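Please read the structure below before turning to the comments.
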């Protein structure tokens, strides 16, 4: 069925599994209850489903796979904003911004089976060894209580699970050590990469392949990339990994996945969670009991759920004896620059990038944050999107498209921000969601080290673009930066129960049967996209839960 | 530049419709004759789908395409017809498209005393601008101008510029929305 407006709202109908006839009652005798069906929750569930009774609760819907092209049409058509593509917004997703920096939360997440991997771009790098020891090596932020070596086998496994096309570290001397090649070969560099490579060679700057959670060849019964060019926010072909892969696998192994079941609070006694109390579309409320609980609801909803679960035993929020729940909210800061050449650059054929530069990453210290650089394959406007806006058509429109498309170049980059206690998620005092629960209140602040590092990234970007012969037309510096939609830090990991929410195994210090699988456990963020680390930690959590059971 | 059957198939793929089922139903109904023969299978059970005659929809869309497509494009008739084979698929979009075409057709009768497809090209363009489709932002739930922009003008522009031939007009043989493979991005300019 075609038409962007023909898509169901994700809350009814479709494939027959999302309507009100679905059984959303609790699963008896559950071993494990997972809250959240994004990549972390899906991987934990898949890890345990064969041998354990697993139930997964997600606040959002089970999207009909047949709607993907229509959702993709929404991404192209100007009538729709980005949150409309996956039905984000409304009272369910209400939130408040109260910080120094505005945070566009509903652009930054998808609620539903698959979570934010439904709209992510799919870049999957490992953190660097120094990222785990920022305090010791760089002199800022805490060290993680685990090292790269602890996570290294899980990184390799996560790369196999997601399906990563990468250069196996062969062409990237700055990548952390690895013991085996990526599961698939890296995507070949783009034509514009070849232009950038010449400029970088002149400047003595390294350029190398980049790991993509996107099939460069058939993998895991999924298609190779067919070049729709709309990876973010919709991959219609299934070449880009999303967490429905592991949700489906977990269900096939016996897990129960309940959609449209927002957990209202976690019932508990002094040292155990006893039930996840969740709402259903029919207005009902249910208690899912289990031996173990894994909260995997992302960097905003995870702390919110803990805060909503306050009690006499935990008056400041569940698992919050440290006071760290919701604090140290971090994202990666975008640094970018772009312009035009006097020759064709062949942009917008695909929606992902194929070359990067990690050369400056490990120069980080107390004053300089780690940062990485990206060479875009989608600089400048897409002709299709241009065609749908404007007052012209016919020959004048074609002339405008020809003038507007063809010779753009651009670079991006991500910069680490430091964890700050005053950058945080709390519960709003005045506003409630569609269930009457206080909405998340975001106070996002950014440190000066991050801002000065953005300037440094801009210097390198502009130098490369000028070497390329580009007329630099825009620079996204400290005044124009924004978040990369990577929510981190709000239930940080620490050996010390007074300093963190979870221990090195991602189990809460306060509750013996409650784990958190999320980027919310990151003590520092590094500057690499977080999802591969989320996946590695989730696999490790799965093992930990299994051993505990 | 000639629009081909491949372009129409690509345009349909770009909007999530294949056209196969709709074409089959329409042809079967054509054979059976009767009042509904000129409507596609999607119309069953939905009175709004019968508001605008199938032939009027197709003729009007072709007539508008001849205005909004650049002059160097050929093969518009067959391209638009095949695109509509899939687009008029019984979805809410198909109903919206018919209604928007119906309003455009009504305006044509009221202002020019003739159906859209019988107007000279200049008057067709005048009609579109008169209804406000040039300056309106597309909106499937908006005013007449916004819906004509959404369902008529922009549907046609999306079909063209998400197709390989439409892309090549601009210099991109694998435009956004077209699954043209993961090789073209590696190639330099021709």
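One residue alone among B:119, B:128, B:104, B:97 is more than 26 Å from residue B:6 (Cα to Cα) and at the interface with chain A (Cβ under 9 Å from one of its Cβ atoms), and that residue is B:128.
Here's the yes/no breakdown for (1) within 13 Å of chain B (Cβ to nearest Cβ); (2) surrounded by fewer than 21 Cβ atoms within 10 Å (Cβ to Cβ); (3) under 24 Å from the mean Cα position of the chain (by Cα); (4) more than 23 Å from residue A:360 (Cβ to Cβ):
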residue	(1), (2), (3), (4)
A:186	yes, no, yes, no
A:214	yes, no, yes, yes
A:222	no, yes, yes, yes
A:225	yes, no, yes, yes
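Scanning the range A:335-366 for residues being surrounded by fewer than 20 Cβ atoms within 10 Å (Cβ to Cβ), in contact with a helix residue (DSSP H, G or I) (Cβ under 8 Å, 6 or more places away or on another chain) and outside any loop (DSSP other than H, G, I, E, B) gives a total of 1. For the range A:289-310, residues that are in a strand (DSSP E or B) and under 27 Å from the mean Cα position of the chain (by Cα) total 4.
For the range A:179-199, the count of residues that are closer than 22 Å to residue A:543 by Cβ and in a helix (DSSP H, G or I) is zero. If you go through the range B:167-179 and keep only what is under 20 Å from residue A:188 (Cβ atoms), in contact (Cβ under 8 Å) with a residue 24 or more places away in the chain and at the interface with chain A (Cβ under 7 Å from one of its Cβ atoms), you end up with just B:179.
Checking residue A:113 against (1) touching a strand residue (DSSP E or B) at 6+ places or on another chain (Cβ under 9 Å); (2) part of a helix (DSSP H, G or I), only one condition comes out false. Which one? Residue A:113 satisfies all of (1) touching a strand residue (DSSP E or B) at 6+ places or on another chain (Cβ under 9 Å); (2) part of a helix (DSSP H, G or I) except (2). Here is the figure for the range A:398-415: residues that are buried (at least 21 other Cβ atoms within 10 Å of the Cβ) and either over 25 Å from residue A:355 (Cβ atoms) or out of contact with any strand residue (DSSP E or B) (no Cβ under 7 Å at 6 or more places or on another chain) (or both) total 4. The single residue among A:428, A:358, A:434, A:363 that is away from chain B (no Cβ under 14 Å), over 30 Å from residue B:122 (Cα atoms) and free of Cβ contacts under 8 Å to residues at least 40 places away in the same chain turns out to be A:363.
When the range A:374-415 is filtered for residues that are closer than 18 Å to residue A:339 by Cα, at the interface with chain B (Cβ under 8 Å from one of its Cβ atoms) and assigned to a helix (DSSP H, G or I), the ones remaining, listed by number, are A:383, A:401, A:402. Just one of (1) assigned to a loop (DSSP other than H, G, I, E, B); (2) more than 9 Å from every other protein chain (Cβ to nearest Cβ) fails for residue B:134. It is (2). The selection criterion, being away from chain A (no Cβ under 13 Å), under 23 Å from residue A:401 (Cα atoms) and under 13 Å from the mean Cα position of the chain (by Cα), does not hold for residue B:83. Does residue A:93 meet the test of being farther than 21 Å from residue A:531 by Cα and out of contact with any strand residue (DSSP E or B) (no Cβ under 6 Å at 6 or more places or on another chain)? Here the answer is yes, as residue A:93 does meet what is asked. Hey, can you tell me all the residues within the range B:66-80 that are within 14 Å of chain A (Cβ to nearest Cβ) and either assigned to a helix (DSSP H, G or I) or under 16 Å from residue B:154 (Cβ atoms) (or both)? Hits for the range B:66-80 are B:66, B:67, B:68, B:69, B:70, B:76.
Does residue A:369 satisfy the condition of being more than 14 Å from chain B (Cβ to nearest Cβ), at pLDDT 95 or above, surrounded by 21 or more Cβ atoms within 10 Å (Cβ to Cβ) and in a loop (DSSP other than H, G, I, E, B)? Yes.
Go through the residues of the range B:145-166 one by one and say whether even a single one is surrounded by fewer than 20 Cβ atoms within 10 Å (Cβ to Cβ), part of a loop (DSSP other than H, G, I, E, B) and facing chain A (nearest Cβ under 7 Å). For the range B:145-166, residues surrounded by fewer than 20 Cβ atoms within 10 Å (Cβ to Cβ), part of a loop (DSSP other than H, G, I, E, B) and facing chain A (nearest Cβ under 7 Å): absent. Of all the listed residues (A:59, A:70, A:79), the sole one being assigned to a loop (DSSP other than H, G, I, E, B) and within 14 Å of chain B (Cβ to nearest Cβ) is A:79.
The values are calculated or read from the model by the stated rules, or taken from the named source; none is laboratory data. Computed from a predicted structure; not experimentally measured. Counting neighbours? That spans all protein chains shown, and the Cβs are built from the backbone with ideal geometry, glycine included.
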